[in-house]
Amino acid sequence: MVFGILEDRHLDRVPGTGLLSDQRIVDGHSVTIDEAKHLKRGTGKYAHVVLIPQPSDDPRDPLNWPRWKKEACFWTLAFAASLDGALSPMVGPGYVLLAKQFNVSVDNITSSFGFILLGLGIFMLAQNALAVKFGHRIVYLASVSLMFISCIWCALSPNLPSIRAARLFQGFGMSALQSLVASTLEQIYCVHERGSRSVIWSFAIMAGITLGPLICSFVIQNLSWEFGFWFVSIPLGMTVIGVFFFVPETTFKREVTLNVLKRRNSDNGSLEKVAAASDVESVDASPQPTMPSYLSQLRIWNGTFTDVSMWKIFLRPFPFLLSPVTYFVFLSHGMQTVWLSLVPLCSSTIFTLEYNFNASQIGLTNLGGIVGIVLAMAVTGPLNDWGVVWIAKRNCGVYEPEFRLIFMLSMLFGVFGYVGWAVGNDHHMPWIGAVACITMLNFSMVVSGSAAVTYLLDTHGPNALHILALSNFGKNMVLYGSTFFANGMVLSRGVKVSLLILGACQAFCWLASVPMYIYGKRVRSFMFTRVFPKNFTDTVTGIFDPTPIHLSES
């Protein structure tokens with residue numbers, strides 16, 4: 001039992017477990033595991049870290065891209081993700097004003113602009129299939145282009161039916177940046193690099209969710225809600241150009257063979273530890289290809305990456321409904337996003353009722369969210385990757401994906417935020433108290449959300465895209481349904497009761513991480529030995545390979 005994680009009784013090497021550090025701490029001294037000496041390692045301060053997965057010798061392999069190319073790709077997608085996050089709640093501070101303008105209820109306005117969530121959920125599974133079949137690049141380009149066009153459509157919409165249609169297509173465009181980026185992180189970064197990148201990606205989305213309503217609130221108050229969409233269309237147009245030039249195709253098919261390390265005995269005994277099969281892969285002997293030119297990588301169409309039909313690819317995520325990790329990600333990441341997203345959706349009602357704020361003042365409450373996500377990124381960004389390497393070194397150099405779940409404790413900040421806001425509101429606390437609670441909610445989301453996504457990447461590799469698509473589909477369907485009654489619940493049940501309900505939901509979702517941490521290793525073994533038969537390995541390539549790899553201590 002390693003740090004509270006139960007060992008498996010069936011497999012000698014559980015899929016997902018890997019050799020991350022080539023050092024073991026024995027009586028305060030570092031002992032090198034010689035059997036890992038020929039594996040590829042990181043550089044600089046990570047020179048002792050064994051790369052998971054092992055990059056091939058092909059220069060086209062995204063794991064072998066130069067640092068500037070990876071950074072350009074990642075930060076372009078991060079900027080696009082921030083705009084993606086801004087689009088959904090940006091008009092939230094003006095819902096009360098728009099209800100008066102269109103002479104309908106606030107819930108009617110919320111559900112009309114909430115059509116973006118319906119489109120987001122519907123297209124989540126479709127874009128997943130398109131990315132597997134045709135690659136990530138063309139899907140990203142289509143997504144940001146659709147976001148740009150539909151944003152102009154929203155600005156020109158004269159009535160609610162037109163707004164609903166525009167927001168539906170806007171949701172289609174948003175889907176890739178809320179799930180496909182996780183797959184791109186898995187394709188271009190190794191395990192010890194993904195945690196901080198996942199935090200930044202979560203930060204970008206949350207920054208958009210908080211800054212969008214903040215900026216748009218002043219536009220609504222002083223100009224009109226239509227101008228908000230005109231202003232957002234400018235950076236969206238720049239994003240289309242950025243994706244075209246800086247986001248090449250990241251899908252890469254590796255021809256791999258297992259490089260099995262034989263166990264060696266020594267006078268001091270043997271240390272049998274395991275590494276994932278995908279983590280020690282090497283390419284078959286063949287003439288080495290050359291790095292394609294920059295211009296050749298700008299082409300939009302790169303052909304197909306699989307001969308499997310679109311229909312089969314579309315159905316591929318559904319077997320992962322048998323994976324407990326799917327439900328864990330849905331509860332800890334997806335549903336936590338729902339509770340947090342209801343705050344800006346209902347902020348117009350809450351702050352109008354309690355503090356009589358106007359649209360611009362309501363928008364300023366999002367500053368609390370900005371503080372929360374900045375603190376989360378500053379504290380957790382470097383700590384996420386450094387922490388798991390530190391723990392792995394004290395586990396004889398062996399990495400368990402469940403180490404990531406320690407950061408799920410941050411969900412308790414969200415519980416304190418909802419409950420504190422509810423109790424403080426009942427005692428007539430000043431508005432700064434409510435803003436402080438929003439800070440805790442956003443801190444919780446960034447830290448725990450990035451930990452959950454990174455855990456998913458580490459345990460399911462390329463198939464994480466399927467699980468994330470299922471989770472986001474369910475999340476957006478729940479959130480869209482909530483738009484029909486959320487503000488009405490605040491009006492009928494009161495702010496205190498509504499926030500206490502959200503706090504209870506947050507606490508329940510956090511509890512899902514406890515059994516996942518304890519039984520996670522056994523779950524990974526169960527998924528391979530009992531759920532996925534051998535003829536299903538084409539969909540789990542590089543994750544569930546039963547061949548054991550033994551390492552001995554010299």
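The values are calculated or read from the model by the stated rules, or taken from the named source; none is laboratory data. Here the structure is a predicted model, which is why all the values come from computation and not from measurement. So basically every Cβ, Gly included, is an ideal-geometry build from the backbone, and we count neighbours across all protein chains shown. Quick note on the areas: whole protein, heavy atoms, side chains included, nothing else; ligands and nucleic acids left out. Shrake-Rupley method; radii C 1.70, N 1.55, O 1.52, S 1.80 Å.
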Taking 0.36 nm per residue of separation between residue 299 and residue 511 and subtracting their Cα-Cα distance, the length gained on full extension comes to 71.7 nm
Under the rule rounded for a/c under 1.5, else prolate if a/b exceeds b/c, else oblate, using alpha carbon gyration tensor axes a ≥ b ≥ c, region 290-352 is classed as oblate
Residue by residue through region 464-476, the couplings from Karplus 6.51 cos²θ - 1.76 cosθ + 1.60 with θ = phi - 60°, in Hz, x for Gly and Pro, are 4, 4, 5, 5, 5, 5, 5, 5, 5, 4, x, 4, 6
Of the listed pairs 70/475; 253/521; 393/521; 40/69; 100/496, those with alpha carbons more than 22 Å apart are 70/475; 253/521; 100/496
Packing-ranked peptide list from 237-247, 212-222, highest mean Cβ count within 10 angstrom first, is 212-222, 237-247
Classified through the alpha carbon gyration tensor (a ≥ b ≥ c as square roots of its eigenvalues; rounded if a/c is under 1.5, else prolate when a/b is larger than b/c, else oblate), region 83-169 comes out prolate
For the residue 101, residue 493 Cβ pair and Förster radius 25 Å, calculated FRET efficiency rounded to 0.05 is 0.40
Using eta = 1.002 mPa s and T = 20 °C, Stokes-Einstein with Kirkwood Rh from Cα pairs puts D for region 322-544, in µm² s⁻¹, at 115 µm²/s
Once phi for every residue in region 232-239 is put through the Karplus expression 6.51 cos²θ - 1.76 cosθ + 1.60 (θ = phi - 60°), the whole-Hz ³J(HN,Hα) values, with Gly and Pro written as x, are 5, 5, 5, x, 5, x, 5, 5
Using a 1.4 Å probe on heavy atoms of the protein chains only, the accessible area for residue 249 in Å², nearest 10, reads 30 Å²
Counting only protein heavy atoms and leaving out ligands, DNA and RNA, the solvent-accessible surface of residue 67 at a 1.4 Å probe, in Å² to the nearest 10, equals 120 Å²
With all protein chains in place and a 1.4 Å probe, residue 70 shows an accessible area in Å² (nearest 10) of 10 Å²
